[in-house]
Every structure is written in C-alpha cells, then in structure tokens.
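The structure under discussion appears below in the form of structure tokens.
Rule-based calculations on the coordinates, nothing more; no lab input. These numbers come from a predicted model, not from an experiment. Cβ sites come from the backbone with ideal geometry, for glycine too, and all protein chains shown count toward neighbours.
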C-alpha cells in the first residue's frame, strides 16, 4: 500500500476518492440517532421546512466524506489525523440517492516547529454530488509524519 | 416548548445542554462505518498509534455534540440550521466512558441583508468532558428566523 509522508506532498496536488451513494434509510436512521430534526427525519416532515424536502444531516455528509478520504488517494502514513478546520461549509443540501465523491487539494505543507518527526498539511476537501455541485467544502489541517526527521 | 427567534438572542448569552456518555461499542461501530482507522477501531490497534489508546472519531464527537444541541437550551425556531463553521477544532481526544456536554455562547447577532424574515447568529460551541477539558470547539453560523420581518 502506498503511504505518503510530509516530503511527498506539494502545494497544488489533488487527490481523489471513490463514490458513496447516500441511502434514504441511512439518512433518516443517522438523523434519529444524532440530529433528530424534521428536515432530516422524513420526506413528509421535511416538505414544509426550509429544505423543502428530506436533506441529510451535515454530520452524515461529514462522516461519509471521512470514509471516502480514508479509502481515497491522499493516504498519509499513520492515517488521517485532523487537528481541525479553518473553514467548514455546506453550500447545498445532500438528497437521498446522491452519489458523493471527494477531491482534496494541497494548499500548504510545513514542518512542525516543535516536532522534528512530523509536519502539517493544509488541505481543501470538496465533496461533490453526481451533478458536480459542491455539498461540503472544508479547509483542514492534518498531521503528517516526516520520512526523515528534521535534523 | 420554548422557541427562540433572532430578536431573542444577544451577544454574551450562554446556553447549556444535557450530558451524553460515549460508549466504547458505539465508538468502534461508528468508526467501522465511517472512519476505519486503527486508533478508532480497537484498544489493541490503537495502543501503538499517536493517540496511545482508543479515541473516538472526531465525527462521532461532532454528531454527539449535534444531538446535545438539538436537545439543549439554544432552541432556535425552525431548528438548528448550520451554514458552516469559521473554525472547528478537536483540542483533546474523546475516550470511552467520557461524559460530554456542550455550552453555546452567542458571539454575534445580525439580520440578513437579503431575507427580511431571517438572520444569522454566530455561536461558539464548546464540547467538554467530565473533567472540564474542551474536546471540540467550533465557531458556527446558524440561520435563525425573525419573529417580525424587517420593515
């Protein structure tokens, strides 16, 4: 399996993912457990809401995006360890049957000041549906190992 | 049930939540579905990772935080509709058995320029464990209805 280290990442690189279909049943069961609001729970309850129809919880979109990234092409050695995001948006709702994919673009690569064996990459992750509309855009900071400690 | 409108929110207000216990079994089943990385899947696999033991996927923490907020005291009319976050961090890992709660502080309240019937509130949501350590901190922007449309 390919594993990438800090030295392998360069600004401007783009990494893709597979595709995940968002099933209506998983949308509503996820919402029942974590985000029990009418617009996420059933078509009938969602019809008269701001979403005008059933929409996935943004946290399901985030979770599916994570799965796509873990199985995608980014592949940092030691795993995808996120410190957090500088920006996180859901520009459009996710609907039942949508097919999502993620593209990650490297925006910044920098060695850690305090840890000679690791560094940080800043990545823009764009989750898109089958029409090419962005449904989630994040600017994330990931911890990445160095192949050779800074000396 | 209390429902709050844009006119009810003021900078500096704080709203609390109940408590949610994070079960080891739910940590690992969530990870198997959405974030299958060794540090989220089992104690044994996690021992030698950067987390030095099983840690919850950040997306489970985010999803539990959402549930606490939906059932918490913030209660915007029409539901919690997030546009996204200006900042999103996980300062400490969440461990099995942790008991999480959320506090939301209102940082900004502003009417929409384009929609007379709604506005935006900016909220800092701090999810803390039973020791009082922050495990997730977000700066979120929520859509909120106005009680009376701007004239």
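Annotations for the structure displayed:
- Förster radius 41 Å - calculated FRET efficiency between residue B:148 and residue A:10, Cβ distance, rounded to 0.05: 0.15
- Test item: B:55-61 mean partner chain Cβ contacts at 10 Å: 4
- In nanometres and ascending order, the distances from the residue A:133 label point to those of the other copies are 4.1 (point 7 Å from Cα along Cα→Cβ).
- Relative contact order (percent, whole number), chain B, Cα cutoff 8 Å, 6+ residue spacing: 30 percent
- Peptide A:132-143 shows a mean partner chain C-beta count of 1 within 10 Å per residue C-beta.
- Highest average first, the peptides B:9-18, A:62-71 ordered by how many other beta carbon atoms sit within 10 Å of their residues are A:62-71, B:9-18.
- Overall Cα dimensions of region A:1-50, principal axis frame, Å, largest first: 51, 24, 18
- Coordinate range of the alpha-carbon atoms in the protein assembly as shown per principal axis, descending: 64, 46, 34 Å.
- Cα centroids of region A:5-20 and region B:76-151: 31 Å apart.
- Annotation for residue B:73, label-to-label distances across the other copies: 5.0 nm (shortest first, one decimal, point 7 Å from Cα along Cα→Cβ).
- Shielding value for A:65-73 is 3, the average number of Cβ atoms from other chains within 10 Å of each residue's Cβ.
- Shape of region A:36-112, Cα gyration tensor, a/c cut at 1.5: prolate
- Size estimate for chain B follows the Kirkwood approach: the inverse of mean 1/r over distinct Cα pairs works out to 16.5 Å.
- Using C-alpha pairs below 8 Å separated by at least 6 residues, the relative contact order for region B:1-87 is 34 percent.
- The largest-to-smallest principal axis extents of the Cα set in region B:71-151 are 50, 23, 15 Å.
- DSSP beta bridge pairing in chain B, given as percent antiparallel to the nearest 5: 95 percent
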